C-alpha cells in the first residue's frame, strides 16, 4: 500500500470530504435558467422525491462550522424565516416536476432545527404536511442539539411523524465541547437520549467527531465507551476537517506544532480514532453502512436520505443556502438572509446558483458517492447506465486496487478496511479531468 505524500496527511484548509459531484465551485448563477427549466418539467418516471429544510438558527456557532447559520436572530426574525420557508415550499409544490409524487423522505437540517420551540415546530410541520404530505415517507429525519431538547419538544416531533432522530453529541468531555464551540453539556446528552428512548423513536442516531480540538486517545476511548453504554441504533463518526471560513480555519495549527492543545490532529491520527471506534462498535454487533456510519441492524436501520440522494433521487432544498437536485440539475438557494427573504417576498424561487449535469456527470456522481458505502454493484450500474464500471473506470479501479484500497469481483467493487476509512481522498481518481485540481467549494 502506498503512503500518501506528507503534505496530504496534515489537516490543511479546504474540504476533504466529497459530498457531491461535479464540485460546488462549478455551480454558477448563470445556470439558474436551467434550474427553472428542470423545475418546470415533469419528473423522470420512478425517481423518488425528497424534501430538505434548512433551519439555520443556533445558540452558538461551532468553531468548525462552515454552514450558513445565525446566532443573533430574535423571535420576529424567526417567524419571518419560518413564513418564508413555508412560502418557498408552496412555490415548489406547484412546479410540474412534482408530478403528483408523494415525498419519499424529509430531512430537517441546520443549523439547529431543535432550536425552534415545540409550538413553532408543531406549526411548521403541520403546515408543511398540508402542502407536501409525508405520511407515506419512508423516513423523516430531524437533527438535534441535545441542550435544546425538552421532553415536550420531543413529544411534538414524535407526534408529527419524525422517524429518525439525529443527536449531535460530537464528544462527551465538557472541556472539548466548550472549546470547540458546542453549546450542550454531557449531562444534557444523557437526558435527551433517555427521553428519546422513552418516547420510542424508531431510529436514534448519535454523531461523534474524531479529531475535535483537544482530543486525545484516552478521551476518545471514553467517548466510544459512553456511546456503547447508550447503545444507539446508528452511530455516525466524522473526521474533523477545516473548511474555509470557519473560526478554526483562521486560528489553529497542525498537531506537532508548538501548541498541541491548540491543534487539529493529522489525518492518520483521525483515521486511527475512527477505525478504533468502528472496531469497538463492531465487537458489540454494529456493522458499517458507510465510511462514516455503523448500524446495529443493517436490515432495519436505513439512512433513506443518504441512500436515495446518492442514487440520483430528486430533492427540494428549502431555506437559505439550501442544496437540492431536480431532473438532473444541482440547485443551491441564495446564501444570505436578505436575498433569500427578498426573493420569497417577490413570490420568486430563491435560486442562487445551479449546475446542469450530463449523463456521465450523474454516473460519476453515483460511483463516487456510493463508493462511500464501501460497495459498488456492477449490475446496478449496468442496468441504470448501460456501462460496466470496471471497464469505464478501469484506470482508477486498477490503481486503487493495486495500492490496496479496493478489491474487485464479478459482482462488485469493494473498499478494503483501510480503504473505507479514507475513501474520500481517493474519490477524485474517478473525476473527469476538467473537475480536477479545482477548489471543491
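The values are calculated or read from the model by the stated rules, or taken from the named source; none is laboratory data. Please read all numbers here as calculations on a predicted model, not as lab measurements. Because the Cβ atoms are built from the backbone with ideal geometry, glycine has one as well, and the counts that use them run over all protein chains shown.
The table below lists the values:
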item	result
Filtered residues of the range 250-297 (kept if modelled with pLDDT of 95 or more, assigned to a loop (DSSP other than H, G, I, E, B) and either within 18 Å of residue 212 (Cβ to Cβ) or touching a strand residue (DSSP E or B) at 6+ places or on another chain (Cβ under 6 Å) (or both))	286
Test: residue in the range 351-365 that is at pLDDT 95 or above, at positive phi and surrounded by fewer than 19 Cβ atoms within 10 Å (Cβ to Cβ)	no
Selection count where residues are loosely packed, with under 14 Cβ neighbours inside 10 Å, farther than 19 Å from residue 278 by Cβ and in contact (Cβ under 8 Å) with a residue 60 or more places away in the chain, scope the range 398-433	1
Residues of the range 122-156 satisfying the condition of being in contact (Cβ under 8 Å) with a residue 40 or more places away in the chain, part of a helix (DSSP H, G or I) and farther than 30 Å from residue 214 by Cα	123, 124, 127, 128, 131, 151, 154, 155
Selection within the range 298-332 - within 19 Å of residue 51 (Cβ to Cβ) and either in a helix (DSSP H, G or I) or free of Cβ contacts under 8 Å to residues at least 40 places away in the same chain (or both)	304, 305, 306, 307, 308, 309, 310, 325
Criterion: more than 18 Å from residue 307 (Cβ to Cβ) and either at pLDDT 95 or above or in the same structural domain as residue 55 (by TED's automatic domain parsing) (or both) - qualifying residue of 400, 376, 371	400
Only listed residue being within 20 Å of residue 17 (Cα to Cα) and either in a loop (DSSP other than H, G, I, E, B) or in contact (Cβ under 8 Å) with a residue 60 or more places away in the chain (or both), chosen from 360, 365	365
Residue tally, condition in a helix (DSSP H, G or I) and touching a residue at least 40 places away in the same chain (Cβ under 8 Å), over the range 333-343	3
Qualifying residue in the range 157-173 (condition: crowded, with 22+ Cβ neighbours inside 10 Å, touching a strand residue (DSSP E or B) at 6+ places or on another chain (Cβ under 8 Å) and over 26 Å from residue 288 (Cβ atoms))	yes
Scope the range 83-112; condition closer than 29 Å to residue 302 by Cβ and assigned to a helix (DSSP H, G or I); matching residues	85, 86, 88, 89, 92, 93, 97, 98
